[in-house]
Amino acid sequence: MGELMFPLFFYSNDIVSDSAGIQGLPDSPIDPSSAQLLAADNIDTQEFRSKRLTPQLALKSDLILCFTQRQRTKIIELAPRARSRTFQLNDFAALCEYCRVHAFISGDDTKERLNSILKNASLVQAHIPPTQDIDDPYRKDFQIFESAHKQIQQDIAEIASALEPTRGFHVH
């Protein structure tokens, strides 16, 4: 769901997002509850199809975001060299916020700013709150989907504020 929301927060053409899971049903459409929430954000999910994360996809990614510590552990097992670029979504949002507030971010474009955050991550990690899992709403009540949707929006907005400081806010 997160990768479909990136255009709501990022305006730069150099942001490319994708979605891949560590398990699931490859080539399946998005869950109807997620589709309903994203439709309210004017996001078309008709073309979305799930896929599995492969070591090759993980290694070519600049950043990998996931919802739970268990997912992060599984991703690192799959692609150990992606460890320093793999974060829980809210952990990375807190890292971005800390780096933004303490002026640890440098660079003229999104990629440079991301790299400066990643470079500082190991030093900053001890100063941010403990990571909280975002509950996986799959096969759960709609309220769980709403809660996850709201948390994802907040976290992506925080990341956008750090990577695109002049435009990092929700467009709605």
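The values are calculated or read from the model by the stated rules, or taken from the named source; none is laboratory data. Worth saying up front: this structure is predicted, and the values here are computed from it rather than measured. Keep in mind that these areas ignore ligands, DNA and RNA; they rest on the heavy atoms of the full protein, side chains included. Shrake-Rupley method; radii C 1.70, N 1.55, O 1.52, S 1.80 Å.
Over the chain, give the accessible area per residue in Å² for a 1.4 Å probe, as an integer.
58 Å²
What percent of all Cα-Cα pairs in segment 20-70 falls in each 10 Å bin, counting up from 0?
P(r) over segment 20-70, rounded to whole percents: 21, 44, 33, 2.
Note the count of lysine pairs whose C-alpha atoms are less than 21 angstrom apart in the chain, limited to pairs 8 or more residues apart or on different chains.
Pairs that pass both the separation and distance tests number 8.
At a 1.4 Å probe, what is the % contribution of carbon and sulfur to the accessible area of segment 62-172?
50 percent
At 222 nm, what value in deg cm²/dmol follows for the chain if DSSP H runs of at least 4 each add -39500 (n - 2.57) and the sum is divided by all its residues, to the nearest 500?
One gets -14500 deg cm²/dmol as the mean residue ellipticity at 222 nm.
Indicate the helices, whole DSSP H runs only, in the chain that combine a mean Kyte-Doolittle hydropathy of -0.5 or more with a Cα extent along their long axis of 20 angstrom or more.
110-124, 142-163
Going by the alpha-carbon gyration tensor, a ≥ b ≥ c the square roots of its eigenvalues, is segment 64-172 rounded (a/c under 1.5) or, if a/c is not under 1.5, prolate (a/b greater than b/c) versus oblate?
oblate
Pull out a ≥ b ≥ c, the square roots of the eigenvalues of the alpha-carbon gyration tensor of segment 113-164, then state rounded if a/c is under 1.5, prolate if not and a/b is larger than b/c, and oblate in the remaining case.
Numbers: a/c = 3.41, a/b = 1.98, b/c = 1.72.
Prolate is the answer for segment 113-164, as a/c is 1.5 or above and a/b outweighs b/c.
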